[in-house]
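Have a look at the structure below, then the notes.
The values are calculated or read from the model by the stated rules, or taken from the named source; none is laboratory data. None of these values were measured; they are calculated from a predicted model. Note that each Cβ is placed from the backbone with ideal geometry, even for glycine, and that neighbours are counted across all protein chains shown. To get the accessible areas, we keep the full protein, side chains included, count just its heavy atoms, and leave off ligands, DNA and RNA. Shrake-Rupley method; radii C 1.70, N 1.55, O 1.52, S 1.80 Å.
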Amino acid sequence: EMITMVARYLQLAALLRDAISEGEYPPGTTLPTVAELIERYGYSKSTISRAIELLAEEGLVDPIKKRGTVVREAPPVRVVVKVSLSRYQQVLATGGSLGPWETACRAQGLAGGMKTISVDHMPAAPNVAARLGVAPGEMVIVRSRYATIDDEPAQIQHAHYPLARFAGTPIAAPEKVVGGIYAALLALGITPAEADEGITSRVATEEEAAALKIRPTWPVLVFQRVTRDSAGDAVEYLHVVADPARTEFLYDGLPLTS
């Protein structure tokens with residue numbers, strides 16, 4: 001019976017979603033009342049309520065007290081940045097003036113940037129310490145920033161570095177690192193040699209949703225990268241929360257033989 005109930009609310013949500021997209025219910029108008037939907041489709045009140053909740057979670061409608069379920073204005077078209085694996089080779093080859101995010105944006109004709117939120121020195125949490133190969137509680141540099149498109153945040157980035165290794169360098173300074181961290185590492189005589197990357201997803205926190213201008217119930221991509229030097233020592237742990245509507249990670253041109 002549970003399977004039948006779930007299928008019904010999803011089916012009703014699909015019918016209403018199609019009606020909205022086809023203009024039967026334009027932005028600013030209200031959907032039929034629960035009683036009208038019961039009469040029209042024959043579903044139970046709980047099934048109809050769950051279908052409307054789903055449409056609200058998707059950002060298509062807003063239930064407004066004493067007015068009804070109002071169809072939202074269509075969201076603005078959001079540019080998607082394709083972040084290719086080759087961005088690293090491009091940055092390392094030139095040593096250049098742009099970081100990986102800015103490089104990816106420029107390649108697509110977009111105005112990408114990095115906006116520093118804060119630079120802090122703090123004890124490493126256990127998960128950070130494990131990734132950097134330091135003891136829990138050892139001091140690390142945490143550089144927090146927004147990756148932007150047209151000055152609008154598309155990603156929230158928190159990058160961690162061992163303070164003992166980078167104290168007194170531009171990586172520890174409060175200013176933006178011009179050219180990106182990889183260029184700064186090269187300038188210090190440190191060659192980024194390999195990286196581990198992983199991507200998962202979860203629901204955005206309220207703080208993340210506010211920064212990225214998405215609904216709190218929307219999913220975000222969580223991207224984590226550990227970069228190591230030629231000696232195999234971790235030099236950076238990067239944690240990124242990305243708006244999935246604005247970021248696409250591409251792992252193209254991967255070698256299939258050693």
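In table form, for the structure just shown:
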{"item": "When residues of the range 129-155 are limited to those that are among the acidic types (Asp, Glu) and under 22 Å from Gly113 (Cβ atoms), the one most open to solvent (accessible area, probe 1.4 Å)", "result": "Asp151"}
{"item": "Hits in the range 19-34 (condition: under 20 Å from Tyr9 (Cβ atoms) and in contact (Cβ under 8 Å) with a residue 24 or more places away in the chain)", "result": "Ile20, Tyr25, Thr30, Leu31, Thr33"}
{"item": "Pairs with Cβ under 7 Å, 6+ apart, first in the range 228-243 and within 9 Å of Glu194 (Cα to Cα), second of a type in the set (S, T, N, Q) and open to solvent by 40 Å² or more (accessible area, probe 1.4 Å)", "result": "Asp229/Thr191; Ser230/Thr191"}
{"item": "Total residues in the range 41-64, condition hydroxyl-bearing (Ser, Thr, Tyr) and either under 24 Å from the mean Cα position of the chain (by Cα) or part of a loop (DSSP other than H, G, I, E, B) (or both)", "result": "2"}
{"item": "Val71 being at pLDDT below 80, of a type in the set (A, V, I, L, M, F, W, C), touching a Ser or Thr at 6+ places or on another chain (Cβ under 6 Å) and closer than 24 Å to Leu212 by Cα", "result": "no"}
{"item": "The range 214-258, residues that are among the polar types (S, T, N, Q), open to solvent by less than 40 Å² (accessible area, probe 1.4 Å) and closer than 21 Å to Val119 by Cβ", "result": "Thr227"}
{"item": "Subset of the range 6-40 [of a type in the set (Phe, Trp, Tyr) and assigned to a helix (DSSP H, G or I)]", "result": "Tyr9"}
{"item": "Residue in the range 156-206 that is nearest to Ala129 (Cα to Cα), counting only those that are among the hydroxyl-bearing types (Ser, Thr, Tyr) and open to solvent by less than 70 Å² (accessible area, probe 1.4 Å)", "result": "Tyr161"}
{"item": "Qualifying positions in the range 148-183 - among the β-branched types (Val, Ile, Thr) and part of a strand (DSSP E or B)", "result": "Thr148, Ile149, Ile156"}
{"item": "Thr148 vs. criteria among the polar types (S, T, N, Q), more than 19 Å from Val83 (Cα to Cα), modelled with pLDDT under 95 and under 19 Å from the mean Cα position of the chain (by Cα)", "result": "no"}
{"item": "Filtered residues of the range 14-40 (kept if farther than 14 Å from Val71 by Cβ and under 28 Å from the mean Cα position of the chain (by Cα))", "result": "Ala14"}
{"item": "Identity of the residue in the range 229-253, assigned to a loop (DSSP other than H, G, I, E, B) and more than 16 Å from Gln155 (Cα to Cα), that ends up farthest from the chain's Cα centre (by Cα)", "result": "Ala231"}
{"item": "Among residues of the range 198-232, those that are in contact with a Leu (Cβ under 9 Å, 6 or more places away or on another chain) and more than 21 Å from Leu54 (Cα to Cα), counted", "result": "8"}
